[in-house]
Every structure is written in C-alpha cells, then in structure tokens.
1. Give the range 24-47 a look and list any residue that's over 16 Å from Ile3 (Cα atoms) and among the acidic types (Asp, Glu), or say none.
2. Among the listed residues Pro272, Pro231, which satisfies the condition of being without any contact (Cβ under 8 Å) to a residue 40 or more places away in the chain and closer than 24 Å to Arg132 by Cβ?
3. Leu298: closer than 30 Å to Arg187 by Cα and either at pLDDT below 95 or not in a helix (DSSP H, G or I) (or both), yes or no?
4. When you check Leu290 against the structure, is it aliphatic (A, V, I, L, M), at pLDDT 95 or above and in contact with a Cys (Cβ under 7 Å, 6 or more places away or on another chain), yes or no?
5. One residue is enough: does the range 252-259 have a residue meeting the conditions at pLDDT below 95, under 20 Å from Pro142 (Cα atoms) and among the hydroxyl-bearing types (Ser, Thr, Tyr)?
6. Which of the residues spanning the range 277-312 are in contact with a Gly (Cβ under 9 Å, 6 or more places away or on another chain) and of a type in the set (A, V, I, L, M)?
7. Taking Val163, is it buried (at least 22 other Cβ atoms within 10 Å of the Cβ) and in contact with a Lys or Arg (Cβ under 9 Å, 6 or more places away or on another chain)?
Amino acid sequence: MKILLMSYTYPPATGGIETFTSLMREEFSTRGHEVRVVTEIVAKMPEDAEHRVLRRPGRTALNEAIDWAEICAVCGLSLRYQISVLLRGKPLTVTHQVWQESQDGVVGARNRLRLFFCRFGLNIAVNRALARDLKMPALTIPNPLPGEIALGPETAARPRDVVFLGRLVSEKGVPVLLDAIGRLSQRGQAVTATIIGDGPLRAELERYAASLNLPIPIQFLGRMAPAQSHPVLREHKIMVVPSVYREAFGIVTLEGLAAGCMVLASHAGGLPDVIGPCGLTFPMRDSEALAGLIEKVLADPASTIPFRNAAPAHLEAMRPARLADRYLPVFERLCLYQTARKMSRRQAAQRVVSELTDSEGKIG
C-alpha cells in the first residue's frame with residue numbers, strides 16, 4: 001500500500017505528533033508498505049531521501065505526493081493538507097492528537113473550519129474523551145510507546161524521588177509540582193527532584209525553585225534524547241505529569257511507566273486513559289493533593305507494586321507494531337469502500353467505524 005503521512009511537524013522537532021508520525025512511518029515501512037511523509041518542518045536529515053520526507057512542499061509537489069498515494073493520513077489537523085487531499089479525491093484519515101479548543105474552552109474560527117473538513121474523512125482520536133467530543137463517528141487508537149519496556153529496579157531501590165519530563169511551558173504545570181515539593185519541605189520532608197526538559201519558562205522555573213529554599217536543590221537537566229532520559233527515569237521512584245490543560249495523550253507518561261516509575265498525573269483530558277491501571281491521578285492544579293500522593297508513595301514504596309505489575313500488559317498494547325495492526329485495516333477498508341466500491345466519503349468512513357469499533361469505542 002502507498003501511504004502518505006501528512007504531519008505539519010516532524011523530526012527534528014520534538015513532541016507527541018512528531019513521535020507518532022516517525023514511529024508509525026518506521027513500522028509501516030518495516031511491513032513492506034511504501035511510505036512517504038509531508039511536513040512543514042524545514043531541516044536536512046540523512047533519512048530524508050531514504051524515507052522520502054518532503055519538507056514544506058509547494059503546491060505542485062504536494063499534489064504530486066497526494067496523487068502518488070493510495071491513502072493520505074493527516075497526523076494532527078491541517079487545513080492545507082485536509083483540503084488538498086479532498087480536492088485530489090483521495091481517501092483521507094485524520095488522527096486527532098489535541099483538543100481544538102483553547103484553555104478557556106473557546107474553539108476559534110480556524111479550528112472550527114478544520115473540524116468541519118474532518119467530516120469528509122475518517123477520524124481517529126488518541127483517547128476516548130477526545131473521540132466523544134468530536135461529535136462525529138470516530139475510532140480510538142492510542143499513540144505508540146517510544147522505546148522499550150525496561151522497568152528497572154523496584155521503587156524502594158531507586159535513589160531519587162520525583163522526576164518531571166517535558167517541555168517547560170505553562171500548560172505542563174511544573175509550578176504545581178514545585179509547590180507540592182515546597183509543601184512537603186514545610187512538613188519536614190526533603191524530596192529529591194529532577195526536571196528534564198527545556199523551554200521558554202526554564203529560567204523562570206529555576207528562579208522559582210530557588211526561592212522555595214528547599215533543603216535539597218531541584219536538578220534541572222535540560223533537554224535529553226529518549227536514550228539519555230530513560231536511564232535517568234529509572235533512578236526515580238515517581239514521575240509527575242502535572243498538566244494544567246486537557247492533555248490529549250502525554251507520551252511522556254508511557255515513558256515513565258516503561259521505566260518503572262510510579263506515575264502521578266493530573267486528572268484531565270486523556271491522561272487517565274493513558275495511565276490506566278498503572279498509576280494515580282490528582283485534581284488539576286491541586287498541589288496539596290499531589291503532595292499527599294507523593295508523601296504516601298515515599299512512605300510506602302511497596303504500595304506501588306500492583307501498579308508496576310500492571311504496566312507491561314498495558315504498555316504492550318501501545319507498541320508501534322500493535323498500533324499498526326489497528327491502523328492498517330482502517331486504511332485497507334477505507335480504500336476498498338471509497339475507491340473500489342465507490343462509496344461516498346461519509347458512507348465509507350461510517351462503515352469502517354461501524355465495523356471496527358467495539359462496545360468500548362476502541363478498535364477490536
């Protein structure tokens with residue numbers, strides 16, 4: 001099958017959409033499919049020629065790529081890509097990676113237009129809450145786990161307490177974690193903590209951490225590649241994901257689970273789905289609740305054993321190979337119904353969703 005992955009962002013940029021597109025491109029290619037990528041990220045990477053990565057193409061080059069493909073899979077909404085595929089008449093899937101509303105709940109005009117054009121393709125959401133909010137037929141397929149499952153030492157044997165991994169931007173909620181650590185310090189409990197990541201708020205967060213006068217300074221390690229960060233994660237008992245917005249997925253949560261961390265995350269968006277039976281959630285922005293959970297885990301490391309034992313099976317379902325087993329039947333059936341059987345776009349999408357959705361809203 002000729003698959004065109006269309007992602008406005010792609011490596012060397014980093015983030016959930018970039019990870020998703022890169023991992024699925026590799027998996028589809030491994031299975032013998034012809035895969036090309038279209039992206040708006042300008043860069044020169046060695047694999048561009050081998051994997052036919054087309055960066056910021058003009059109209060002619062974009063149309064040629066679409067005409068080449070049997071199926072066009074837009075990874076994250078893009079008006080340019082969605083409209084171009086529709087005009088060329090090719091089967092279209094759209095993977096929804098984020099909510100289209102702002103933090104105050106408003107959906108802007110451009111995002112409303114993106115959602116309108118989604119009605120002419122087959123929609124896939126990375127969590128059930130996002131799928132429900134689309135108010136149109138949609139499948140639910142999670143994002144892939146980057147890297148391997150290597151749980152490492154049990155919680156009690158790990159030398160450090162708490163780690164955060166992610167971009168240092170306002171929506172990631174790092175101040176909530178810092179406040180929780182400050183509360184524990186006021187109670188006489190010193191916590192060792194590490195912040196992995198970089199971003200525009202790094203200097204501000206470092207100043208805020210210093211102002212807490214903690215007995216053990218928080219380590220800011222900056223941005224690290226997954227191969228570098230995984231050993232660091234395995235040194236920590238707890239990963240905290242304190243997002244202060246509706247995180248659609250949070251791939252870093254999978255990375256924490258795969259490294260054997262006890263994950264504590266905001267109860268918001270898709271994070272409860274991603275954690276599943278392998279961690280605990282706390283109310284968004286509630287640093288006192290988070291402090292209480294950290295305190296309990298550190299006081300009783302054995303309490304994390306059931307969560308840790310649940311992680312391998314939970315993560316196995318999110319390996320790229322397992323997700324390819326879900327995506328490829330979608331591509332094949334959509335092409336069959338729209339191209340071979342000449343169904344309308346909506347009829348073909350609705351039929352595929354109906355056939356491949358089980359009672360829980362997941363692909364069976």
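1. Those that are over 16 Å from Ile3 (Cα atoms) and among the acidic types (Asp, Glu): Glu40, Glu47.
2. Result of the check over Pro272, Pro231: Pro272.
3. no
4. So Leu290 does not fit the description; no.
5. Checking the range 252-259: at least one residue is at pLDDT below 95, under 20 Å from Pro142 (Cα atoms) and among the hydroxyl-bearing types (Ser, Thr, Tyr).
6. Residues satisfying the conditions are Met284, Ala291, Ala310, Ala311.
7. It is true that Val163 is buried (at least 22 other Cβ atoms within 10 Å of the Cβ) and in contact with a Lys or Arg (Cβ under 9 Å, 6 or more places away or on another chain).
Let's see how each residue does on (1) of a type in the set (Gly, Ala, Ser); (2) outside any helix (DSSP H, G or I); (3) farther than 18 Å from Ile196 by Cβ:
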residue: His230; (1), (2), (3): no, no, no
residue: Arg246; (1), (2), (3): no, yes, yes
residue: Phe249; (1), (2), (3): no, yes, yes
residue: Thr253; (1), (2), (3): no, no, no
residue: Gly256; (1), (2), (3): yes, no, no
residue: Val274; (1), (2), (3): no, no, yes
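The values are calculated or read from the model by the stated rules, or taken from the named source; none is laboratory data. Since we're looking at a predicted model, the values are computed, not measured. Glycine gets a Cβ as well: all are built from the backbone with ideal geometry, and neighbour counts include every protein chain shown.
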